[in-house]
Amino acid sequence: MKTHLTMACIAALLLAGCSGGGGGGSTLPGGGGGNNNQGNQTQSENAINGANSTGSTVKTIADAEKNLSPFSSMRNVQSTGNGACNNGVEFFAPDKNGDPNSTETIDFYDSACTEMARDAVRIYSISGSSETVNRTVTLYAFGNSAAIATRTEAVTIINATFGANGFPQVSTGFSRADQGALNISGSKTINSGNEMVLSPQSGSTNNYCADSAGYNATGIASLNETFGWQGGTSNGVRTVNGDGSVTYTATHDGNAYKGPIGSLSLGVGSQNSACPISTPEFTLVGGTQTGSYNIPVSATFKQGVLQNLTVTNATLANGNTLNVVTNSSQPPSSDLFITGTITNGSSPVATFNVDAWGDGTLTTSTGAQFVITDWHVIK
């Protein structure tokens, strides 16, 4: 995990002041800087729920965009699927293993395709206007050739028109559902599901609705708790921009949850085929609702990689407010690329810093730190 001293100090400076001691700032003294009027445990709970609520919103969008054809100009440029490096992305059809009905997309931290970030293999089966996909994504940290995690996904796409290599066409719209698990060191750490209904394209835009739910199966040992989320949107718009990038704008509403480790599970219903979604396919089962959230988000992708993320004055549980900015001076590979700040009135609660793939660190104003991987807090 990319928990650098520089990042920890900057995060702590925003909230509590960096101690300058060893250990990357992970043991800052409790109550150091800011008003700790929520209590250490409650503050950590609020911080984790805020980060997960944001992460579930972004991941639903990112998962959908990664599976479109083209998910920007890349599919046209690399229609042969020969694995040529194209500004930090390699695309293979079939996958490097040569499996029938397969593709493989590798995202790199650098444009020269030397530092691998994500390696996604999809094996698909089409039946008329429907498709099932088994997708395996291997995650790598910057500067580390060993995998840090693997995500396995079962995807169902309905009401679609499929193009080359089994990708659904944006122009005609479709419904996509994805249930998966993030596996770390052999343990299913994050269990989650999301679905999106994308309307047929009108000009350069598609309207969409979505829902998502999930939880941390292994929990946060230091708090002896686990955390989950459930939410959705009915007002989303996907816009193709003149430079080939794609922007998603929506307001995501939902609820945050906590409970004893092992007390949460994922409820799975029927896939939706039209908007608005009255009965979400994915729901959270168990736990205690800690409050609701309302997150207006704008996210821009190019070649499937996040370029800009903005959240302004989102409301979280317990009266907390969230703002997220993109630090354009940092490359997408930096875990200072995206910064989210959670406050309660004028009092700081936490900040999180992640790269374009959602890996980084959450730091509360009392100095507690948690690891974020693939947009969710894992430990």
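Some values worked out for this structure:
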quantity	calculated
Angle between the chain longest axis and helix 5-15 axis [Cα atoms, degrees, rounded to 10]	60
Percentage relative contact order, region 86-164, counting C-alpha pairs under 8 Å, at least six apart	21
The chain, helix-only ellipticity at 222 nm - DSSP H runs n ≥ 4, -39,500 (n - 2.57), divided by all residues, nearest 500	-3500 deg cm²/dmol
Relative packing of peptides 372-379, 340-347 - highest average C-beta neighbours within 10 Å first	372-379, 340-347
Pair Thr239, Gln41: separation of 7 Å Cα→Cβ label points (nm)	4.6
Linear extension gain, Lys379 paired with Thr172, 0.36 nm per residue minus alpha-carbon span	70.4 nm
Percent RCO, i.e. relative contact order, over region 111-256, from Cα pairs under 8 Å lying at least 6 residues apart	13
Rounded, prolate or oblate (a/c below 1.5 giving rounded, otherwise prolate when a/b exceeds b/c) for region 289-364 by Cα gyration tensor	prolate
19 Å Cα-Cα threshold exceeded, pairs from Lys188/Lys379; Lys96/Lys302; Lys188/Lys302	Lys96/Lys302; Lys188/Lys302
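Quick note: the coordinates plus some simple rules give every number you see, no bench work behind them. Here the structure is a predicted model, which means the values were calculated and not measured. As a convention, Cβ positions derive from the backbone with ideal geometry for all residues, glycine included, and neighbour counts pool all protein chains shown.
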